[in-house]
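**Student:** One structure follows; several queries about it will come next.
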There are 2 protein chains.
Amino acid sequence: MSVEAPLQTDLRQQVHDAARRARVAARTLAALNTETKNRALHAAADSVLAHVHDVLAANAADLDAARAAGTPEAMLDRLALNPQRVDGIAAGLRQVAGLPDPVGEILRGSTLPNGLQIRQQRVPLGVVGMVYEGRPNVTVDAFGLTLKSGNAALLRGSSSAARSNEALVTALRGALLGEGLAEDAVQLLPSADRATVTHLIQARGLVDVVIPRGGAGLIDAVVRDATVPTIETGVGNCHVFVHAAADLDVAERILLNSKTRRPSVCNAAETLLIDSGIADVALPRLVSALQAAGVTVHLDPSEEELRAEFLSMDIAVAIVDGVDAAVAHVNEYGTGHTEAIVTTDLAAAQRFTERVDAAAVMVNASTAFTDGEQFGFGAEIGISTQKLHARGPMGLPELTSTKWIVWGDGHTRPS
Amino acid sequence: MSVEAPLQTDLRQQVHDAARRARVAARTLAALNTETKNRALHAAADSVLAHVHDVLAANAADLDAARAAGTPEAMLDRLALNPQRVDGIAAGLRQVAGLPDPVGEILRGSTLPNGLQIRQQRVPLGVVGMVYEGRPNVTVDAFGLTLKSGNAALLRGSSSAARSNEALVTALRGALLGEGLAEDAVQLLPSADRATVTHLIQARGLVDVVIPRGGAGLIDAVVRDATVPTIETGVGNCHVFVHAAADLDVAERILLNSKTRRPSVCNAAETLLIDSGIADVALPRLVSALQAAGVTVHLDPSEEELRAEFLSMDIAVAIVDGVDAAVAHVNEYGTGHTEAIVTTDLAAAQRFTERVDAAAVMVNASTAFTDGEQFGFGAEIGISTQKLHARGPMGLPELTSTKWIVWGDGHTRPS
């Protein structure tokens with residue numbers, strides 16, 4: 001809350017010091033059993049509820065500042081907390097307590113011909129950095145998932161939510177202290193200066209992974225400048241392809257759900273592709289349905305519109321000649337998030353699912369289903385759109401690494 | 001083989017063009033069935049054998065050039081091919097043909113309460129870049145593993161092996177062509193200019209992953225400058241910790257095997273840690289044994305020696321006070337590759353395996369066992385020392401990503 005901007009070297013030092021404290025905390029977290037972690041999650045939920053007045057007061061101050069800065073109403077709504085939302089945040093922690101603990105799971109193992117016993121076991125990643133925008137609930141969600149998976153969290157939220165995040169993290173750290181656990185399992189990094197992000201994503205050797213959650217600009221910047229491994233999440237230019245053999249009732253239902261259910265989320269559809277074989281019937285019908293639902297339809301879209309993640313009640317529409325052209329379009333313009341085909345033709349559905357290069361491919365289902373909760377993971381830290389480590393909704397197992405443990409009896413390897 | 005250095009923009013264009021051709025090839029590779037890929041691997045093995053004279057002639061030219069440049073004998077041996085080694089390279093391809101195909105494996109799946117059927121399926125990564133030094137056999141090994149896992153390979157070997165690699169890749173591409181497959185499944189990038197590496201690791205959107213294989217300098221440079229996701233491999237500052245309750249016969253055997261079996265490989269031991277509780281007996285005995293085996297023992301090592309990956313007949317020796325101090329030392333100085341404890345005490349072994357942060361932890365076994373072949377993977381593309389995606393020896397499954405495929409029946413998500 002200092003009005004003076006810290007010197008860059010101080011800020012770097014500050015981030016590195018936090019990362020070192022997180023490393024120390026992470027070593028103790030890795031050794032905690034499931035019961036202890038679950039108890040801590042319930043204590044954290046209790047603490048958030050006990051601090052509800054502080055949290056709401058801090059949030060009101062954030063909202064005042066945002067309003068004074070002319071923040072649009074939709075953004076204010078993302079930032080706003082109220083008693084119901086705080087209840088929901090606490091309930092989220094209890095839900096994570098109920099999820100299976102991934103740490104210690106044996107993934108593979110065998111006794112080698114020479115008698116060596118090898119096993120591959122899940123272990124925490126260590127120190128997980130999160131860079132995110134907007135909603136203060138992400139602060140608590142990230143804490144819950146990282147704690148349950150035995151990791152320490154270094155959180156860098158947006159400056160617009162700084163006071164809310166501070167109040168929430170204070171509640172979380174208090175709960176950890178009360179349980180006799182390392183407070184530094186969760187730390188909030190300063191958000192006033194963009195350079196914090198740079199220092200975090202370049203703290204190689206101190207931070208094990210950084211997960212950016214936000215718009216394309218944030219994610220591109222993180223990936224470009226990071227030396228710490230990162231997981232790209234959540235940029236979704238998702239398509240709905242209406243194949244020549246589609247049932248148009250089904251197509252209309254899926255299209256509207258994919259576009260209008262929650263236009264601001266990453267699994268919302270941004271482009272409608274219509275097979276030329278049914279364009280004369282399907283185009284007018286689907287465009288009318290979209291317009292009737294309040295969607296602005298970009299017919300004859302520009303290259304830029306085809307690449308856009310609108311995150312609004314807008315959609316681009318393009319005509320393609322059959323499945324292969326649809327696949328080519330999706331693989332060229334998509335962001336590898338979620339792609340849907342509507343068809344009654346099995347071969348078309350199979351070709352589309354096989355050839356589309358994305359985290360999730362839907363057949364006759366809304367793009368809105370790509371979601372950790374929907375997939376049965378209970379909660380998610382984000383939706384990975386990259387191919388390494390995790391792809392699609394990331395639950396607790398995706399917040400772990402593995403370690404090979406080998407038991408011998410004086411074994412040496414022959415040359 | 002042009003004597004003129006290409007302009008930087010041309011070189012970048014050249015790498016990007018190769019990556020685009022690889023992308024096109026990768027899409028066809030992803031759809032191949034296992035039989036077709038296995039047939040191609042056998043054809044590739046036949047072709048390497050059929051080209052043995054070209055390969056050996058090219059290798060002789062590489063060796064002449066290296067000798068003229070004053071390359072040390074050990075390096076020349078790494079570079080050298082002979083008929084037996086070429087036989088071994090071809091046999092490696094046939095061995096990969098015999099391994100299970102990871103592509104298409106269903107990892108998880110369920111029918112959700114709403115009837116949606118979701119399944120997580122292994123898919124190829126797409127375009128895999130490899131940057132490596134020295135041995136020309138890596139060229140063929142990398143091709144075999146990437147092809148079997150349905151990926152296209154962009155190979156950037158060392159300039160010292162340029163002619164050998166060229167001859168091998170010509171043989172491999174000929175085999176692909178003969179099988180009616182995309183030749184661009186394997187491409188060799190120019191090796192004369194270091195900038196090729198930079199262009200490859202920054203071809204985000206064109207290349208899906210880059211795996212550097214080589215010394216710490218290469219790997220650091222790749223990780224620092226890459227915007228494409230990378231997998232760090234093979235830097236091993238491995239420790240053998242002789243605990244107070246160790247059987248010294250076992251300790252001596254494991255230590256000598258870990259250090260001297262092949263000192264130039266990444267799983268060789270570089271530091272011996274001796275528990276202070278038995279230092280008076282263990283130190284003189286183990287140091288004598290090392291010296292008798294021709295190892296240069298660095299007693300009272302500098303900070304630099306404690307961090308060194310000697311890759312030679314050198315070892316640093318340090319005394320530590322018990323398991324926790326050994327763990328702290330290993331976690332501070334190690335590179336997260338392989339760490340071994342020698343002990344008869346169960347609690348000490350468990351504490352060490354739980355707390356050491358490394359890809360592999362050995363109890364009473366040589367560090368030399370961290371190896372894809374030893375672990376039963378059949379072959380490996382490298383040994384990952386990072387925590388994301390893959391950790392330890394990387395076999396075929398580690399060269400894949402996953403995709404969620406969701407089958408519905410007009411499913412929409414309620415708000």
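**Student:** Compare the Cα positions of A:S264, A:I106, A:F310 along the charge dipole of chain A (+1 at Cβ of Lys, Arg; -1 at Cβ of Asp, Glu; about the Cα centre) and return the one farthest towards the positive end.
**Tutor:** A:I106
**Student:** Residue separation times 0.36 nm, minus the C-alpha to C-alpha distance between B:A328 and B:D77: what's the value?
**Tutor:** Taking B:A328 through B:D77 to full extension adds about 86.6 nm, to one decimal.
**Student:** Hey, another quick one. For peptide B:108-118, how many partner chain Cβ atoms fall within 10 Å of a residue's Cβ, on average?
**Tutor:** Counting other chains' Cβ atoms within 10 Å and averaging over B:108-118 gives 3.
**Student:** Moving to a separate point now. With respect to the cross-link table entries A:K148/A:K403; A:K403/B:K403; A:K403/B:K148; B:K259/B:K387; A:K148/B:K148; A:K387/B:K259, which display a Cα-Cα separation exceeding 29 Å?
**Tutor:** Beyond 29 Å between Cα atoms: A:K148/B:K148; A:K387/B:K259.
**Student:** Starting from a label point 7 Å past Cα on the Cβ side, list the distances from B:Q291 to the same position in the other copies, nm, shortest first.
**Tutor:** 9.2
**Student:** Ignoring ligands and nucleic acids, what accessible area does A:M313 show with a 1.4 Å probe (Å², nearest 10)?
**Tutor:** It works out to around 60 Å².
**Student:** Moving on. Quick check: Cα centre of the stretch B:7-85 to Cα centre of the stretch B:205-222, how many Å?
**Tutor:** Cα centres, the stretch B:7-85 to the stretch B:205-222: 18 Å.
**Student:** Of the residues B:A31, B:A316, B:A365, which exhibits the maximal mean-square fluctuation in a Gaussian network model of chain B defined by a 10 Å Cα contact cut-off?
**Tutor:** Maximum among the listed residues: B:A31.
**Student:** While we're looking at this one, here's another question. If packing is taken as the average number of other Cβ atoms within 10 Å across a peptide's residues, how do B:374-381, A:183-190 rank, most packed first?
**Tutor:** Sorting B:374-381, A:183-190 by mean packing, highest first, produces A:183-190, B:374-381.
**Student:** Nothing charged except the Cβ atoms of Lys and Arg (+1) and of Asp and Glu (-1): what's the magnitude of the dipole of the stretch B:238-369 about its Cα centre? Round to the nearest 20 debye.
**Tutor:** It comes to approximately 500 debye.
**Student:** Moving to a separate point now. So, taking all protein chains as they sit and a 1.4 Å probe, how much accessible area belongs to A:R355, in Å² rounded to tens?
**Tutor:** 90
**Student:** For a protection proxy built on the mean count of beta-carbon atoms within 10 angstrom, sort B:300-306, B:263-269 highest first, please.
**Tutor:** Taking the mean over residues of other Cβ atoms within 10 Å, the ranking is B:263-269, B:300-306.
**Student:** Now for a different question. Can you give me the C-alpha center-to-center distance between the stretch B:352-375 and the stretch A:302-355, rounded to a whole angstrom?
**Tutor:** Here the answer is 46 Å between Cα centres.
**Student:** Lys and Arg at +1, Asp and Glu at -1: add these up for the other residues within a Cβ distance under 11 Å of B:A245 and post the number.
**Tutor:** -3
**Student:** Right, something else. Closest beta-carbon to the B-to-A rotation axis: which chain B residue owns it, and what is the separation in whole Å?
**Tutor:** Measuring from each Cβ to the axis, the minimum is at B:H389, 2.
**Student:** So what is the relative contact order of chain B, in percent, for Cα pairs below 8 Å that sit 6 or more residues apart?
**Tutor:** 17
**Student:** Right, another one. What is the spin-label model distance, in nm, from B:D87 to A:D17 if the labels are put 7 Å beyond Cα along the C-beta direction?
**Tutor:** Reported label-point gap for B:D87 and A:D17 is 6.6 nm.
**Student:** For the protein assembly as shown, just run the numbers: alpha carbon Rg, then divide by 2.2 N^0.38 Å, N being how many residues it has.
**Tutor:** 0.99
**Student:** Kindly report, to the nearest 10 Å², the accessible surface of A:L346 as traced by a 1.4 Å probe over protein heavy atoms only.
**Tutor:** Surface accessible to solvent at A:L346 totals approximately 110 Å².
**Student:** Using +1 at the C-beta of Lys and Arg and -1 at the C-beta of Asp and Glu, which of A:A203, A:G134, A:G88 has the Cα lying farthest in the positive direction of the dipole of chain A?
**Tutor:** A:A203
**Student:** Per residue, how many Å² of accessible area does the stretch B:238-369 show with a 1.4 Å probe?
**Tutor:** Here the per-residue accessible area is 35 Å².
**Student:** Another question, then. Give me the mean projected area, in nm² to one decimal, of the convex hull enclosing the Cα positions of the stretch B:238-369.
**Tutor:** With every direction weighted equally, the projected area is 6.4 nm².
**Student:** Membrane-span-like helices in chain B: DSSP H runs reaching 15 Å or more (Cα, own axis), mean Kyte hydropathy at least -1.0?
**Tutor:** Helices passing the filter in chain B: B:8-30, B:34-50, B:52-68, B:83-97, B:137-148, B:162-178, B:248-260, B:279-292, B:322-333.
**Student:** Please report the net charge: other residues with Cβ closer than 13 Å to the Cβ of B:S149, K and R +1, D and E -1.
**Tutor:** Residues near B:S149 contribute -2 overall.
**Student:** Next question, about the same structure. Cα to Cα, under 12 Å, and not fewer than 8 places away if on the same chain: which aspartates and glutamates meet these conditions relative to B:K37?
**Tutor:** Qualifying aspartates and glutamates at Cα under 12 Å: B:D101, B:E179.
**Student:** Quick one: label points 7 angstrom along Cα→Cβ at A:G410, distances to the other copies in nm, smallest first?
**Tutor:** Spacings between copies for this position, smallest first, are 7.3 nm.
**Student:** So what is the 222 nm mean residue ellipticity for chain B from helices alone, if each DSSP H run of at least 4 adds -39500 (n - 2.57) and you divide by all residues, rounding to the nearest 500 deg cm²/dmol?
**Tutor:** Roughly -13500 deg cm²/dmol at 222 nm, from the helical runs in chain B.
**Student:** How large is log10 of I(q)/I(0) for chain B at q = 0.14 Å⁻¹ when the intensity is taken from the Debye formula with one equal scatterer per alpha-carbon?
**Tutor:** The Cα Debye sum returns log10 ratios of -1.22.
**Student:** For a Förster distance of 35 Å, can you work out the FRET efficiency between the beta-carbons of B:T9 and B:A31, rounded to the nearest 0.05?
**Tutor:** 0.55
**Student:** Tell me the distances, shortest first, between B:T71 and the same position across the other copies, using label points 7 Å along Cα→Cβ, in nm to one decimal.
**Tutor:** Label point to label point, same position, other copies: 6.1 nm.
**Student:** Let me ask another. Rank B:L63, B:N331, B:V356 by how far each Cα sits towards the positive end of the charge dipole of the protein assembly as shown (+1 on Lys, Arg Cβ; -1 on Asp, Glu Cβ) and give me just the farthest.
**Tutor:** Final value for the positive-end residue is B:V356.
**Student:** Tally Lys/Arg at +1 and Asp/Glu at -1 over every other residue whose Cβ is under 13 Å from the Cβ of B:P113; what's the total?
**Tutor:** Around B:P113, the surrounding residues sum to 0.
**Student:** What is the mean number of Cβ atoms from other protein chains located within 10 Å of the Cβ atom of each residue in peptide B:383-391, rounded to a whole number?
**Tutor:** Going residue by residue through B:383-391 and averaging, the value is 5.
The values are calculated or read from the model by the stated rules, or taken from the named source; none is laboratory data. Because the structure is a prediction, the values reported are computed rather than measured. Virtual Cβ from ideal backbone geometry, glycine too; neighbours counted across all protein chains shown. Ligands, DNA and RNA are excluded from the accessible area calculation, which covers all protein heavy atoms including side chains. Shrake-Rupley method; radii C 1.70, N 1.55, O 1.52, S 1.80 Å.
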